[in-house]
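Participant: First the structure, which I've put down as structure tokens, then a few questions once you've had a look.
The values are calculated or read from the model by the stated rules, or taken from the named source; none is laboratory data. On a predicted model such as this, the values are computed, not experimentally measured, just so you know. Using ideal geometry, Cβ is built from the backbone for each residue, glycine included, and neighbour counts are taken over all protein chains shown. All accessible areas refer to the heavy atoms of the entire protein, side chains included, with ligands and DNA or RNA removed. Shrake-Rupley method; radii C 1.70, N 1.55, O 1.52, S 1.80 Å.
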Amino acid sequence: MINLQNRDRLSPREKGAIAGSIARFQSLKSGEDIVREGQEPGESCLMVSGYSVRTHTMRDGGVQISAVHMAGDFVDLHGFLLGRMDHSVSALGDCTVAYVPHAALKSITEEHPHLSRLLWLLTLVDAAIHRRWIAAKGRLSSVGQMAHFLCEIRTRLLALGLTDGVRFQLPMTQQQLGDAMGLSPVHINRTLQEMRRRNLISWRALDVTILDWPELRRLGEFDPSYLNLTVRPR
């Protein structure tokens, strides 16, 4: 719900509609599936806490991560209309999720047009993030790509009140970072070493510290406007 309120005001009735649509909560351990590729789920998942990742398993067994989700994200609204899932979503670290039946989402679209537009907006922001990731992979150096990724995560967490803008937790291994950026773990390791050498970041275990935000933004060519974090009528 926080993600929606970062973009427009919700009426008490709309807040009640979202809260009343939740059928169940579930705590998941790192690596557990929220939804699997090929499934035809009857519900969509709202992140309550922690992280999850959207993944695609390749023929050779390799994995491509195409999105990172956090609290407030509806990770598989696509399944409501598309039916069969063309990707999987799994927990990145321990997380808590809420499940909303598609029947409840259908009722929301029929009874709450403004709320429906906001849910549609979330899918459009997902698409905007995809486009930025593709542009970063195609046109930025590995340092620039990592800088853009960390700028995005920091900005999204800041909007949720989950970071002070300097420090945050991100439970991604170098393998998972490589799966997200299309780089080998060795290349990721060298990239992080270079960023540490240049005093851009500190990253120890789960803890990320931004040491030079202006330079990180410059290297990542980061403009947060694509995240649509402005509260205005929709």
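Participant: Restricting attention to region 163-186, does a residue exist that is touching a His at 6+ places or on another chain (Cβ under 6 Å) and of a type outside the set (Asp, Glu)?
Facilitator: No, there is no match, as no residue in region 163-186 is touching a His at 6+ places or on another chain (Cβ under 6 Å) and of a type outside the set (Asp, Glu).
Participant: Continuing with the same structure: If residue 202 satisfies every condition in (1) of a type in the set (Ser, Thr, Tyr); (2) modelled with pLDDT of 95 or more; (3) closer than 19 Å to residue 69 by Cβ but one, which is the exception?
Facilitator: (3)
Participant: A further question on this structure: What are the pairs with Cβ atoms under 6 angstrom where one residue, in region 58-85, is closer than 29 Å to residue 159 by Cα and the other, located anywhere, is part of a loop (DSSP other than H, G, I, E, B) and open to solvent by less than 20 Å² (accessible area, probe 1.4 Å)? Sequence gap at least six, or different chains.
Facilitator: Taking only residues 6 or more apart or on different chains, the pairs are 69/75; 79/85.
Participant: Here's a follow-up. Checking residue 230 against (1) in a loop (DSSP other than H, G, I, E, B); (2) in contact with a strand residue (DSSP E or B) (Cβ under 7 Å, 6 or more places away or on another chain), which test does it fail?
Facilitator: With (1) in a loop (DSSP other than H, G, I, E, B); (2) in contact with a strand residue (DSSP E or B) (Cβ under 7 Å, 6 or more places away or on another chain) applied to residue 230, the lone miss is (2).
Participant: Go through region 161-181 and give me each residue that's surrounded by 14 or more Cβ atoms within 10 Å (Cβ to Cβ) and either in contact (Cβ under 8 Å) with a residue 40 or more places away in the chain or in contact with an Asp or Glu (Cβ under 7 Å, 6 or more places away or on another chain) (or both).
Facilitator: 162, 168, 169, 170, 171, 172, 176, 179, 180, 181
Participant: Give the residues of region 216-227 that are over 12 Å from residue 154 (Cβ atoms) and open to solvent by less than 50 Å² (accessible area, probe 1.4 Å), sorted by residue number.
Facilitator: Scanning region 216-227 gives 219, 226.
Participant: Here's a follow-up. Please go through region 214-234 and pick out each residue that is hydrophobic (A, V, I, L, M, F, W, C) and either more than 17 Å from the chain's Cα centre (by Cα) or more than 27 Å from residue 5 (Cα to Cα) (or both).
Facilitator: 216, 219, 231
Participant: Need at least 3 residues that are under 16 Å from residue 101 (Cβ atoms) and open to solvent by 30 Å² or more (accessible area, probe 1.4 Å) per element, so show me which strands (runs of 3 or more DSSP E) inside region 1-83 make the cut, counting only ones lying wholly within it.
Facilitator: Qualifying strands (runs of 3 or more DSSP E): 24-28.
Participant: A further question follows. Is it true that some residue in region 145-157 is on the phi < 0 side of the Ramachandran plot and surrounded by fewer than 14 Cβ atoms within 10 Å (Cβ to Cβ)? Step through it out loud before you land on a result.
Facilitator: Here is the first cut: in region 145-157, the ones on the phi < 0 side of the Ramachandran plot are 145-157.
Restricting the remaining residues to those that are surrounded by fewer than 14 Cβ atoms within 10 Å (Cβ to Cβ) gives none.
No, region 145-157 has no match at all.
Participant: For residue 190, indicate whether it is exposed (fewer than 14 other Cβ atoms within 10 Å of the Cβ) and charged (D, E, K, R).
Facilitator: Values: exposed (fewer than 14 other Cβ atoms within 10 Å of the Cβ): no; charged (D, E, K, R): yes.
Considered against the rule, which asks whether it is exposed (fewer than 14 other Cβ atoms within 10 Å of the Cβ) and charged (D, E, K, R), residue 190 comes out as no.
Participant: Looking for something within 15 Å of the chain's Cα centre (by Cα) and free of Cβ contacts under 8 Å to residues at least 60 places away in the same chain - is there at least one such residue anywhere in region 14-23?
Facilitator: Narrowing region 14-23 to residues within 15 Å of the chain's Cα centre (by Cα): none.
Within region 14-23, not a single residue is within 15 Å of the chain's Cα centre (by Cα) and free of Cβ contacts under 8 Å to residues at least 60 places away in the same chain.
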